[in-house]
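The values are calculated or read from the model by the stated rules, or taken from the named source; none is laboratory data. The structure displayed is predicted, hence computed values, not measured ones. Cβ placement follows ideal geometry from the backbone for every residue including glycine, while neighbour counts extend to all protein chains displayed. Quick note on the areas: whole protein, heavy atoms, side chains included, nothing else; ligands and nucleic acids left out. Shrake-Rupley method; radii C 1.70, N 1.55, O 1.52, S 1.80 Å.
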Amino acid sequence: MATLQLKKLTSVWIITILVLFVLAIVFGILMRFNQGNAIHLSPVGFYSMMTIHGLTMIGIWFVAGMAAVNFLLQRYIKVSAGINVFALVLTVIGVVMLWLVTFVGEFHTGWTFLYPLPFRGAWKEWATPLFLLALGVLGIGWFVWSAGMLFQIFRKYRPAQAFAWQHLRKGSPEIETPPFILISTVTLIGIITCLVAAVLLLVLYFAEYFSSGSFVNDALLMKNLTFFFGHTLANEMLYLGLASLYELFPEVSGRPKFKMTWYVALAWNCTMVFILTAFFHHMYMDFVQPFAFQVIGQMASYFASVPAAAVTAFSVLAVVIKNPIRWSLTNTLFFVGVTGWLIGGVGAVIDATISNNFVLHNTLWVPAHFHTYNAIGNVLFSLAFFNWAANEFGGKGHTDKFTRLKMTLLIIGGSGFVIMFYIGGAYSVPRRFNVYPQEFSSLSILASAGALFACLYLAVIVWFLVNTVNKCLKVFSAA
Amino acid sequence: MDDKHTFTLVLFFLLTVGIVAVFLYAYLSSLPSSSAKGGLTNPKKKRFLLFFILMEAVIILFTLTLPRSPYFFFANSTPSKVVFVAARQFSFAMSYQTIAPDTQAPAKAIELPRGKPVEFRVTSFDVNHGFAIYDMSGNLIAQTQAMPGYINRLRWVFDSPGEYNILCLEYCGMAHAFMRTSFNVK
Amino acid sequence: MFKSIFCGLSIFCLGAVARAQGPGYVFSEEDKIYQKVADVNIAYDGEVRSLSGLYSQGPVVIALIYTRCSGVCNPFLLQVKENMLVADSDERSRVLVVSFDPRDGSGEMRRLAIRYGLDNDGGWIFATTPQISELINSVGFNPVWDSVRAQFDHEALLVGINDEGFITRKLTGLRDFNAFTSLLRSIRNEFILSYPLPNENMVFSCFSYNPETGKNQPGTGLLLLLLPALLSLVVVFVLSRRHDRKPRF
Ligand code: HEM
Ligand SMILES: [Cu+2]
């Protein structure tokens, strides 16, 4: 069971993440108001904010998932606390560097830093190398963390068992793999793969940086590597969130634990394989990408997401429908999160279809769908874990009399915010525009409306932060 | 705001309503935690059915949409006009002749014929840019990427005359939102 | 409001453009694409014919050389010959080797053909033209006479012409086989969605065309895309070596 040390560590993660989350949302709201012409940021200010918003959000929800998986893994295996501390320290250093790079260095490539933009922008000269270095620091911390956990999983389960392959055969297997272990293994391997892609990318960047012109990279290769890393990481962080859902949802609802079945095993093995080529859907509009890759991209996008989503949704629904459930903030967050994730997934599948992508690529449809499965999907999974953990640490019961109010405000704020993106996207408003040109002026009003809804969302998050941090701090005074 | 764009939005909202309805039903059908056991009958069978239907839907979606991918558009016709496009931070150069990086882009306005295939040969002189064609009512109708080191060819037939706008759809730096140009179809 | 932002921006942007140096792509390859080649007279086999008479019978690849060249022309012709053997096995395209040196006459061209063993090959034509400058201007080729070395300063240039006389693709310098096939496909009016411009400083290019299938095939760059998956397999293997038979708790 969780040691006091692990509880303290997890508390530090939770507090850090929530504080950064609030700041990043504030930036998001400012950007959206700027797009609605309600305030006027300088272009550099806007794009620096956009860059740090994206980087921070991806970073914190990734480590949130990791911290949760690390905490819950303790139920099955022992994970080194040293590695956790190491990851925490490197993450903090990396984040501080990134904030320096964007706000002092005015670095504003967007979080995807598409080659060769980092070499060709109007920012401080030191910003580009420091940015790449920051990515390196984060990458090392996260690589060691995920490899450490994977190592411990493999000490107890053979790889074939961790992948639950014995469940794919007929008959009931001797050793049952908990779904949590399967999903964690699949996800950790995916994370290692995309971090390796990031290393390659960084090597190529530095090679060009230090060669002073004698070595130039291929823009297409760099784009593929960028999305191999970026897309895959953004996807894996969702699966980390799902791992804690599989572990905790039935438990806090007062229902029997999820059992491994061949459906679950198959769906997650599917995800493990297909996720590695799904990122090709970012290159649909690069006509130079081989046609075969485009087809694989569309196929993989469907098969990486649909089976896992269907299995998870069905498992959650089967727990809830007509069953006695102990509703609390924790499982309501999980439950609503699954809904948001599925809706975002529908938006994603629409966009991952090449014939649609032709008119949706790089419009607001993109932030629309990923904000849906993040802001009202994955984030809620992690918040659910935070709430559960804080209650464990804080020693209070799992009831919260404001559950309904909080959830209602969160849903209204969150969906109002993303609906404005969807409408803009369907009607061709480009993403990543700091201000909208004349022809979209009627739609840019939606931006301010979106920002107002986001304020509601922010209010609930601040409320949640105050509650959670209070409980988390108790761990330290208890000692 | 034409039909295709509205259709996407409506389709999405219908699916959303469906998902929300299912989850809302599940939530409302759950019982107080003290009550006796209820639950789905035969969940495994239902799960299999759902899985089966979904996979079928995915495969059908795939086979229906793939042939409509833009890569095949007008591949067998000879373009009646060719336009060279070179993007750079933060402008587009368009010309009937090739454009070299060291020359100034010709200021001549581009005019394209209606109802005949035209070809855009798109590249970039610095970072990645997007080349997106918007019609008179602000709808995105066709796009490709402008990538340094590559020529991407986009073929299209313009059915109605008027002024079409080109916007950059790949983030390329701080004046990205102002990177645009236009041409006329007669 | 809009206007002032814009003015401020443009000043900034000019600065940014000035700082950005273009990579070493050879853009001249796009020059003259889709324009018509000049319909010059060409002389071979003791007769004078028009270029349009030639290409109207089928697509043509033009190779521009001169016989006294001590530089690129020889390796260039050799490469074209080898590429043609493999890439054009069904012999649908012809190569027109034409001299841009006024000193070259039919005798020199004939000897050149014999030297390459192509004198009796119907697919190859070794010709001279009285209208050199018209021809080279129409395809965008500028050899410069270097009186010190008594040689032309020039690049190797292949020009693909379809059966209507339009220039569909050009290749500058000694290029790989894949680029050559994409030229052959383009003169047969095949639509190639996209292709790379040559760059000398590039080591890992992503994709190239496979002549057999006419599709893209992996270049060194693609191997790099497989690497992450392979490396993580290795990681999984290494990590799983320490499996405890009996879990410790
Ligand atoms: C309610 C809170 C949020 C607000 C108000 C907000 C707002 C925004 C806005 C206005 C943009 C720029 C959209 C554009 O391209 O025009 C953006 C981009 C982005 N957001 Fe959020 N966001 C929120 C939550 C999140 C969350 C939870 C994530 C989690 C991963 C996230 C990740 C991103 C990313 C990755 C980008 C792209 C940045 C880029 O283009 O480089 N956001 N957000
Ligand atoms: Cu641009």
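Observations on the model:
- From largest to smallest, the equivalent ellipsoid semi-axes obtained for the protein assembly as shown from the alpha-carbon gyration tensor read 56, 29, 26 Å.
- Interface area, A with C, accessible, probe 1.4 Å, both sides summed, Å² nearest 100: 3700 Å²
- Model label points for residue B:25 and residue A:140, set 7 angstrom from Cα along the Cα-to-Cβ axis, are 5.5 nm apart.
- A dipole drawn for chain B from +1 and -1 charges on Cβ atoms has a positive end, and of B:179, B:136, B:63 the residue lying farthest that way is B:63.
- Residue-level accessible surface for residue A:210, protein heavy atoms, 1.4 Å, Å²: 150 Å²
- Charging the Cβ of each Asp and Glu at -1 and of each Lys and Arg at +1, and nothing else, the dipole of region A:123-270 about its Cα centre rounds to 540 debye.
- Counting only residues at least eight positions apart within a chain, or on another chain, the aspartates and glutamates with an alpha carbon under 17 Å from that of residue A:259 are A:174, A:176, A:247, A:251.
- Three-way shape call for region C:41-186 based on the alpha-carbon gyration tensor, with the a/c threshold at 1.5: rounded
- Under the simplified labelling scheme, the residue C:230-residue B:136 pair shows an inter-label distance of 5.6 nm, with each label point 7 Å from Cα along Cα→Cβ.
- Within the protein assembly as shown, antiparallel bridges make up roughly 70 percent of the DSSP beta bridges whose residues both belong there.
- Fraction of beta bridges assigned by DSSP in region C:41-186 that are antiparallel (%, nearest 5): 65 percent
- DSSP-defined beta bridges in chain B - what % are antiparallel, rounded to 5: 70 percent
- Dipole of chain B [Lys/Arg +1, Asp/Glu -1 at C-beta], most positive-end residue of B:21, B:166, B:146: B:21
- Exposed-loop-free span, longest in chain A, where GluC sites (Glu not before Pro) count as exposed if DSSP calls them loop and at most 13 other C-beta atoms lie within 10 Å: A:175-479
- Cross-link pairs beyond the 19 Å C-alpha cut-off, checked among A:7/A:156; A:223/B:81; B:81/C:32: A:7/A:156; A:223/B:81
- Peptide B:177-185 has a mean shielding of 3, counted as Cβ atoms of other protein chains within 10 Å of each residue's Cβ.
- Scoring C:130-142, B:140-152 by mean Cβ neighbours within 10 Å over their residues and listing the highest first yields B:140-152, C:130-142.
- Region B:139-179 and region A:76-147 have their alpha-carbon centroids 32 Å apart.
- Only Lys, Arg (+1) and Asp, Glu (-1) charged, at Cβ; the protein assembly as shown dipole about Cα centre in debye: 4280 debye
- In chain A, Cα pairs under 8 Å separated by at least six residues give a relative contact order of 18 percent.
- Sites listed here are trypsin sites (Lys or Arg not before Pro) in region A:140-186 whose DSSP assignment is loop and whose Cβ has at most 11 other Cβ atoms within 10 Å: A:169, A:170.
- Cα gyration tensor category, rounded, prolate or oblate, for region C:127-197 with a/c compared to 1.5: oblate
- Projecting the Cα atoms of A:48, A:207, A:413 onto the charge dipole of the protein assembly as shown, computed from C-beta unit charges around the Cα centre, puts A:413 farthest toward the positive end.
- Mean per-residue shielding of peptide B:69-78 is 5, counting Cβ atoms of other chains within 10 Å of each Cβ.
- Charging the Cβ of each Asp and Glu at -1 and of each Lys and Arg at +1, and nothing else, the dipole of chain A about its Cα centre rounds to 1460 debye.
- Sequence ranges C:99-105, A:216-222, ranked by mean other-Cβ count within 10 angstrom, highest first: A:216-222, C:99-105
- Shielding by partners - mean other protein chain Cβ count within 10 Å, residues of A:415-424: 1
- Tensor-based shape of chain A (alpha-carbon gyration tensor, a/c under 1.5 rounded, otherwise prolate or oblate): rounded
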